[in-house]
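Input: a single structure, listed below in structure tokens.
The values are calculated or read from the model by the stated rules, or taken from the named source; none is laboratory data. Note that the structure is a prediction, hence the values are computed from the model and not measured.
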């Protein structure tokens, strides 16, 4: 496992550990707003500590950490979940010997004739 793999696994686990807990499906407006603020603080913390980038253009939010970029158009926790899913896909692609997702050269194996 490379340092890049270890870093992605660490950030994925860190998001799981630090993601604020919701008050359930039916939250009052102020409670929901406070939850979104807490999630955005987590995004800012990750960007500052992991050397990432975050942008929001009023419609779409973007997060780039450890070379993985994710976007989302709704609530901020969805952006973090999308980033985790993209990171897991990249990890799976880098472990795939056939390498159909093009994350690097596929190994060449000699064939017997």
Item to complete: For residue 38, state whether it is over 13 Å from the mean Cα position of the chain (by Cα) and modelled with pLDDT under 90.
Response: no
Discussion item. Being at pLDDT 85 or above and under 10 Å from the mean Cα position of the chain (by Cα) narrows it down to one residue among 87, 92; which is it?
Written reply: 87
